[in-house]
Structures are given as C-alpha cells and as structure tokens.
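Asks: Structure provided below as structure tokens; questions to follow.
The values are calculated or read from the model by the stated rules, or taken from the named source; none is laboratory data. Given the structure is predicted, the values throughout are model-derived calculations rather than measurements. Using ideal geometry, Cβ is built from the backbone for each residue, glycine included, and neighbour counts are taken over all protein chains shown. SASA here: full protein model, heavy atoms, side chains in, ligands and nucleic acids out. Shrake-Rupley method; radii C 1.70, N 1.55, O 1.52, S 1.80 Å.
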Amino acid sequence: MKGKKLRFLTAMMLIFALLLTSLMPTWAEEGEMLEEEESSTAKTPLTLEEAIKKAVDNDISLRKRANTIEQLQESRSRLREYDQDTRPTISDLESAQTDPQAARGVMISSATSKNIVMNIIQTDINIRSLRNQKEIEEERIGYILEAMFNDIREVKVNKELLEDRLSYMNTLQSQERLKAENGMASRFSFSQLTQEVERTEKNRDLLAESERILYEQLGIMTGIRNIHDYEAVIELMEYQPVAGTATSTLVSRAVAADPYVEIAELQITKAETDTKFFTYTGSPADPPYKVKEIEVDNAIKERNNIRRNLREVLEERISKLKQLEKTIQQGEMKVKQLEEQLEVLELQYELGMIIRNSITEKELEIKSELEELENLKQQHALLRTQVTKPYLVPEYMQ
C-alpha cells in the first residue's frame with residue numbers, strides 16, 4: 001500500500017513539474033523582452049532617412065558627378081559670354097554690304113557663333129543627362145538602404161523566433177529529463193531533443209553573425225565607423241497590392257517616367273542638333289553629313305531598344321508581383337485557420353483536457369506564420385518599387 005502511495009505521489013509531483021515547466025516560455029519571453037529593451041536603449045537610433053543622407057554625402061561618385069555638373073555650368077557661362085563677344089553687330093552687317101573684307105569677317109563671326117551655340121546646346125544636354133544620372137544614383141542608394149534595413153529586420157525577427165523556440169525546447173528538455181529519470185520516457189528521445197536544441201542554437205548564432213555583417217555593410221555605406229553603437233530604426237513598408245491594376249497601365253506609367261529613356265531621348269536631340277548645325281568645310285577631317293544622319297538613326301534605335309527591354313522586364317516583375325499577392329492571400333487564410341485552432345486549444349486547456357505545451361506550440365506556429373507573412377509583404381513592397389521605379393535595378397540597360 002505504501003509503495004502504491006509513493007508511486008502516486010511521485011507521479012503527481014512529475015505532473016506538477018510538467019505543468020510548471022510548461023509556463024516557463026512565457027516567463028523567459030518576458031525576461032528576453034526586458035533585456036532587449038535595455039540593450040536597445042543603450043544604442044543610438046538610426047532612421048532610414050538619416051542613413052540615406054549620410055550615404056549620399058559619403059558617396060564619392062556622387063561628389064565627382066556634382067563637380068562635373070558645376071564645371072559644365074561654368075563652361076556654359078563662358079561660352080555664352082564668348083558668343084556675345086563674337087556675334088556680328090548691326091554695324092558689322094551694314095559694313096558687309098559694301099566692304100568685301102567686312103563681309104568675310106561677318107562670315108567668320110557667324111560661323112564661330114554658330115559653333116558656340118551648338119556647343120551651348122550640347123553642354124545643356126550633357127548637364128541634364130548628368131543630373132538625371134545623379135538623381136538615379138541617389139534614389140538607388142535609398143533603395144539599397146531600404147532593402148538593407150529590411151534584411152536587418154528579417155534577420156532580427158528570425159533570431160527572435162529561434163529564441164522563442166529555444167525557450168520552449170528548453171522547457172521540453174526539462175520535461176523529458178524528468179520523464180526519463182522516472183522511467184516514463186527513453187533516454188534516446190531526450191538525446192534527440194538535446195541535439196535539436198544544439199542545432200537551433202547554431203542557427204541562432206549564424207543569424208547573429210548575419211546581423212553583424214549587415215551592420216558592417218551599413219557602416220561602409222553611411223561612413224559610420226562605430227556602426228555597432230547604432231540601432232537601425234525599422235519602419236514597415238506599406239503593402240499595396242496591384243492585382244486590380246492592368247499590367248499595360250503599370251508598364252506605360254513606368255516607361256513614361258523612366259530617366260534612362262529620357263537620357264536616350266537627349267542623345268537623339270544631341271545627334272539631331274549636330275545635323276542642324278552641320279557645316280561642310282571640305283576638310284577630310286570633317287565627317288560627311290551622312291555620318292551625322294546615321295548617328296541620329298543609331299540614337300533612335302538605342303532609345304527604342306531600351307523601351308522594348310524595359311517593357312519586357314516590367315511585365316516579368318509585375319507577373320511576380322501578382323503571384324506574390326496570391327501567396328500572401330494564402331498565408332492570411334492559413335493564419336486565420338491557425339488562430340481558430342488556437343481558440344479550440346485554449347478552450348480545451350481551460351477544461352483541463354490538455355497541458356500548456358499544446359497552446360505554446362500553436363502560438364509559436366502562428367508567430368512564425370505571421371512573420372513569414374510580413375516578410376512576403378515587405379518583399380512585395382520592394383518589388384513594387386522596382387516596378388514603379390525600374391531604373392533602380394536597371395536590368396534592361398545591360
């Protein structure tokens with residue numbers, strides 16, 4: 001009788017221990033939250049806008065491009081002044097009517113002025129092209145940093161998910177140890193669980209290393225040397241489905257606003273300017289007029305080629321975008337089903353039909369699915385930017 005009572009007490013103590021350890025993930029999670037709050041307050045917050053400004057200021061190629069634009073503007077001013085000085089006056093034109101020497105001077109002055117005007121027009125085109133390229137590079141830096149901030153967010157979230165999983169697995173480990181010590185489970189199952197914990201810890205450490213590398217890259221782009229003293233402030237990008245918009249409409253909008261297409265148009269204008277101001281001098285060094293016409297034709301073909309490639313790239317991206325939206329819809333339906341299952345489990349737990357472990361497992365599953373859903377939405381937002389601003393990832397220019 002005493003042996004039966006002792007076994008009964010042992011079993012009750014084991015059940016109580018299992019119930020007690022099943023509550024540990026919640027306590028551990030609260031402790032982790034406090035630690036994260038303390039660590040985050042110790043670092044300097046870095047917003048995306050601040051990072052973009054620092055990266056733009058730190059970019060050497062942008063500074064060089066800005067200097068080139070300034071030099072071209074200065075050259076244009078000098079050309080303008082020179083044109084005013086060399087352009088024939090009314091008095092010169094009147095003298096040319098009667099004086100052959102004055103007439104030759106007017107012809108030379110007119111030819112010189114014509115060349116200066118052509119150079120001014122071409123300089124203006126070069127300035128506009130460089131400004132477009134500079135704006136593209138600035139926007140591209142912003143896009144790269146936006147994607148980098150999202151990578152930091154994703155790594156951090158995945159690391160937190162693994163921490164939650166580890167917390168729960170440690171609880172299971174404690175339960176399996178108690179079971180094994182009291183002959184209610186095999187040592188093999190405990191060993192298997194221990195190995196799974198070790199693998200999860202390694203994955204968490206790999207994510208921590210990935211986060212460190214991402215911050216190093218952020219430091220290189222922004223020029224912040226002590227980047228690990230900063231904490232990236234993550235703001236979720238807005239999820240805006242495009243399923244209701246026709247592909248042709250999205251393509252037309254992007255092509256019309258594409259700066260590379262505009263730069264190609266400027267090259268056509270530049271080539272056409274050469275033909276309009278063409279003067280045949282008879283010198284072998286001067287190309288014939290036909291060459292100038294071919295240059296215009298080539299510039300038009302290049303513009304058309306860019307447009308065609310751009311349309312193909314856009315159609316492919318929009319197709320991926322709409323497929324991603326279907327995947328997101330499926331993910332939202334799955335989360336809803338899991339939440340309904342959780343409600344059933346909570347009711348069963350209140351009735352004493354199950355232990356807390358079943359609820360914790362379902363909560364972890366829901367959290368994982370929610371984070372995956374958010375990852376998909378952020379991927380969608382980045383891809384949508386590649387549709388509205390395809391020049392940020394200009395595959396069509398290769």
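Asks: Taking the simple approach of a point 7 Å from Cα along Cα-to-Cβ for both THR275 and GLU70, what is their distance in nm?
Replies: According to this spin-label approximation, the distance is 3.8 nm.
Asks: What order, most packed first, do the peptides 379-385, 305-311, 239-245 have when packing is the mean number of other Cβ atoms within 10 Å of each residue?
Replies: Going from most to least packed, we get 379-385, 305-311, 239-245.
Asks: Taking amide H atoms as placed 1.01 Å from N in the peptide plane, list the residues 5 or more away in sequence, or in a different chain, whose amide H sits under 5 Å from that of TYR230.
Replies: It is THR44, by chain and number.
Asks: Which entries of LYS43/LYS64; LYS53/LYS377; LYS54/LYS322; LYS134/LYS367; LYS43/LYS320; LYS64/LYS156 show an alpha-carbon separation above 32 angstrom in the structure shown?
Replies: Going by Cα-Cα distance, LYS43/LYS64; LYS54/LYS322; LYS134/LYS367; LYS43/LYS320; LYS64/LYS156 fall outside the 32 Å limit.
Asks: Which order do the peptides 60-69, 204-213, 168-177 come out in when sorted by mean C-beta neighbours inside 10 angstrom, highest first?
Replies: The most tightly packed comes first, giving 168-177, 204-213, 60-69.
Asks: Here is a follow-up. Between ALA256 and ARG212, what length in nm is gained on full extension when 0.36 nm per residue of separation is reduced by their alpha carbon distance?
Replies: Here the segment from ALA256 to ARG212 would lengthen by 11.8 nm.
Asks: Could you derive backbone 3J(HN,Hα) for the range 297-312 from the dihedral phi with the Karplus parameters 6.51, -1.76 and 1.60 (θ = phi - 60°), listing whole Hz in sequence and x where the residue is Gly or Pro?
Replies: Per-residue couplings from phi come out as 4, 5, 5, 5, 4, 5, 4, 5, 5, 4, 4, 5, 4, 4, 4, 5 Hz.
Asks: Whole-Hz Karplus ³J(HN,Hα) for the range 319-326, in order, using 6.51 cos²θ - 1.76 cosθ + 1.60 and θ = phi - 60°, x for Gly and Pro?
Replies: 4, 5, 4, 6, 5, 5, 5, 5
Asks: Along the Cα→Cβ direction, 7 angstrom out, place labels at LYS202 and ARG131. What is the inter-label distance in nm?
Replies: Here the answer is 5.8 nm between the modelled labels.
Asks: List, in order, the whole-Hz ³J(HN,Hα) value for each residue of the range 264-277 obtained from phi through the Karplus relation with A = 6.51, B = -1.76, C = 1.60 and θ = phi - 60°; use x for Gly and Pro.
Replies: 5, 5, 5, 5, 5, 4, 5, 5, 5, 4, 4, 6, 5, 9
Asks: Once Rh for the range 288-357 is found with the Kirkwood sum over Cα pairs, what is the Stokes-Einstein diffusion coefficient at 37 °C and 0.692 mPa s, in µm²/s?
Replies: My calculation gives 187 µm²/s for D.
Asks: Further, regarding this structure: On alpha-carbon atoms, Rg over Rh for the range 275-398 using Kirkwood Rh?
Replies: Taking Rg over the Kirkwood Rh, I get 1.49.
Asks: Then there's this: Calculate the FRET efficiency for PHE188 and GLN398 from the Cβ-Cβ distance with a Förster distance of 45 Å, rounded to the nearest 0.05. If you can, show how the numbers build up before the last one.
Replies: On the way: r = 56 Å, r/R0 = 1.24.
According to the calculation, E is roughly 0.20.
Asks: Note down the magnitude of the dipole of the range 126-222 about its Cα centre, charges +1 on Lys and Arg C-beta and -1 on Asp and Glu C-beta and zero elsewhere, to the nearest 20 debye.
Replies: 120 debye
Asks: A further question follows. Please compute the contact order of the range 242-374 in relative form: average sequence separation of alpha-carbon pairs under 8 Å and at least six residues apart, divided by the residue count, as a percent. Walk me through the intermediate numbers first.
Replies: Numbers: 65 pairs, mean separation 33.0, N = 133.
Across the range 242-374, relative contact order equals 25 percent.
Asks: Mind giving me the nanometre distance, one decimal, between the label points for HIS228 and GLU302, set 7 Å out from Cα along Cα→Cβ?
Replies: Calculated label separation equals 4.8 nm.
Asks: Quick check of the Kirkwood formula: for the range 351-396, what is the inverse mean of 1/r over all pairs of different Cα atoms, in Å? Could you put the intermediate results ahead of the total?
Replies: Details: mean 1/r = 0.0741 Å⁻¹.
Answer for the range 351-396: a Kirkwood hydrodynamic radius of 13.5 Å.
Asks: Turning to a different aspect of this structure: Roll a 1.4 Å probe over the protein chains and send me the accessible area per residue for the range 348-393 in Å².
Replies: 46 Å²
Asks: Next question. Pulled fully out, how much extra length does the chain show between LYS336 and ILE354, if you take 0.36 nm times their separation in residues and subtract their Cα-Cα distance?
Replies: That works out to 4.3 nm of additional length.
Asks: Quick one: what do you get for the range 139-230 if you divide its Cα Rg by 2.2 N^0.38 Å?
Replies: 1.57
Asks: Here's another thing I want to ask about it. Going from the alpha-carbon gyration tensor of the range 119-172, what semi-axes, largest first and in whole Å, does one get by taking the root of 5 times each eigenvalue?
Replies: 52, 4, 4
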